[in-house]
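Below is one structure; the comments refer to it alone.
Where a number appears in this text, it was derived from the coordinates with a stated rule and is not lab data. Bear in mind that the values here come from a model prediction, so they are computed numbers and not experimental data. Cβ atoms come from the backbone with ideal geometry, glycine included; neighbour counts cover every protein chain shown.
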Amino acid sequence: MSEVSDSGVDWTIVGQGLAGTCLAWQLWERGVDFQIIDRECGIAASRVAAGLVNPVTGKNFEPSPMIGEFLPEALDLYRRVEERLEVVLWHPMPIMRLAGNDDEWAKMQVKAARADVEVWVGRELAKQDGWAGGFEIRGGGRFDVKMFVDLSREFFQAEGIYRKSEAAFDRDVKARVWCDGAAGLVSGMHGEARCAKGEILTVRAADWDESFIRVGAGGWLVPVGAGCFKLGSTYEWERLDMEPSEAGMERLRRIAMKLGGADFEIVAHEAGVRPILRRSEPLIGPMEAGGWMFNGLGSKGSLYAPGMARRLALWMLDGVEPEGHFDIRVFRKQL
Ligand SMILES: Cc1cc2nc3c(=O)[nH]c(=O)nc-3n(C[C@H](O)[C@H](O)[C@H](O)COP(=O)(O)OP(=O)(O)OC[C@H]3O[C@@H](n4cnc5c(N)ncnc54)[C@H](O)[C@@H]3O)c2cc1C
């Protein structure tokens with residue numbers, strides 16, 4: 001299946017965040033004729049994401065849906081891009097998941113015995129520093145989203161595939177693949193959405209242990225090298241701007257104190273907007289107005305973007321439809 005646009009290429013990817021970049025690699029590896037455009041400003045989440053991949057997440061200590069399929073697929077694409085670009089993007093690391101109180105710890109212990117959770121759970125952590133307990137989680141790590149997006153952009157630019165441009169919705173519609181993240185969702189062009197602004201700190205702390213990721217107290221602390229850590233994150237559903245706020249800073253400081261300690265220096269305070277349609281489960285498919293869409297990566301873009309990009313490429317190019325669960329048309333009918 002191929003669409004022909006008046007821009008002279010078969011396909012145009014609109015938006016080169018995590019979604020558009022993963023789709024671009026899928027098309028490039030298949031030798032497809034395409035271009036990528038991005039307006040290079042706005043509320044992109046991929047510019048600030050910590051890239052944490054945590055197999056068992058949330059208050060409910062649940063494995064991410066279909067992680068057994070999506071994680072190997074993500075690591076596979078990331079490894080291929082690492083080889084091509086000669087960089088390291090994926091940093092596997094143990095995750096220390098800490099329970100803030102006895103109730104949470106009791107729930108985690110029950111869940112940890114379940115077969116689909118047990119596979120990710122390592123040793124039990126001793127009670128310490130005000131934590132009620134904890135488990136080591138295996139199989140996770142940090143994906144360097146910003147480096148992936150930036151270096152991929154340089155690569156596609158050198159190939160003559162990438163250019164800076166703003167897409168207007170009324171031209172070339174059939175051949176467009178909208179990977180426009182929260183900007184597209186906030187504009188309303190993909191229907192109802194519930195995006196969430198997130199604030200994140202980069203901190204320097206010479207004495208904090210850099211050999212593992214900490215998750216607890218409603219936040220996370222991710223080592224990024226050279227004594228620095230990404231620390232996050234906040235959720236705000238009303239004000240969807242890119243401005244770091246005082247309230248956000250306060251919340252992040254409290255997470256820092258709890259997960260790391262008092263001795264740290266703030267290097268950066270940033271904000272972005274997570275594209276959310278249905279929790280952190282992405283959706284793909286043809287749009288009523290023409291063209292295709294890939295959006296809704298939520299808080300778990302690093303885990304789901306590669307697998308979803310492959311499914312979308314198969315659908316666009318070969319007509320192979322994905323599981324109905326990921327089909328934007330099915331989702332819209334259920335609303
Ligand atoms: C603070 C914070 C922390 C996060 N931490 C993590 C984490 O630890 N792990 C994780 O997996 N995920 C994390 N996320 C989520 C992750 O960042 C997102 O899931 C992911 O980056 C979304 O990628 P995207 O490509 O869909 O959207 P975006 O990154 O928003 O990219 C969309 C792109 O489209 C472009 N664009 C939009 N409209 C147009 C137009 N009309 N014309 C041209 N270009 C256009 C934009 O310029 C942008 O570059 C975090 C998010 C935030 C905000």
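What angle, in degrees between 0 and 90 and rounded to the nearest 10, separates the Cα long axis of helix 301-318 from the longest principal axis of the Cα atoms of the chain?
Orientation of helix 301-318: about 20 degrees from the principal axis.
Can you work out the FRET efficiency for the pair A126 and R204, with r the C-beta to C-beta distance and R0 = 22 Å, to the nearest 0.05?
E between A126 and R204, to the nearest 0.05, is 0.20.
Once you have all Cα-Cα distances for the range 178-276, histogram them in 10 Å bins from zero and send the whole-percent values.
Spelled out per bin, shortest first, that is 16, 43, 26, 13, 2.
Along Cα→Cβ, 7 Å out, is where each label goes; now give me the distance between the ones at L335 and L85 in nm to one decimal.
Reported label-point gap for L335 and L85 is 3.3 nm.
Pulled fully out, how much extra length does the chain show between R30 and E192, if you take 0.36 nm times their separation in residues and subtract their Cα-Cα distance?
Fully extending the segment from R30 to E192 adds 55.0 nm.
Set the bar at 32 Å for Cα to Cα. Now go through K164/K333; K111/K300; K111/K230; K258/K300 and name every pair that lies beyond it.
The pairs that break the limit, which is 32 Å between Cα atoms, are K164/K333.
Mind pulling the angle between the C-alpha long axis of helix 246-259 and the longest principal axis of the chain? Nearest 10 degrees, somewhere in 0 to 90.
50 degrees
Straight-line reach only, C-alpha to C-alpha below 16 angstrom: list the lysines that K107 could link to, leaving out same-chain residues fewer than 8 apart.
Hits, sequence-local ones excluded: K59, K127.
Considering only P322, P55, P282, give the residue with the highest GNM mean-square fluctuation for the chain, with springs between Cα atoms whenever their separation is below 10 Å.
Greatest mean-square fluctuation among the candidates belongs to P322.
Using all C-alpha to C-alpha distances in the range 130-202, build P(r) with 5 Å bins and read off the rounded percent in each one.
3, 9, 12, 15, 17, 17, 11, 6, 5, 3, 2, 1
What does the extension gain come out to for M257 and H325, with contour length at 0.36 nm per residue minus their alpha carbon separation?
20.5 nm is the gain from fully extending M257 to H325.
For the range 156-165, just list the computed ³J(HN,Hα) in residue order, Karplus coefficients 6.51, -1.76 and 1.60, θ = phi - 60°, integers in Hz, with x standing in for Gly and Pro.
Going residue by residue, I get 5, 5, 5, 7, x, 9, 9, 8, 7, 6 Hz, with x marking Gly and Pro.
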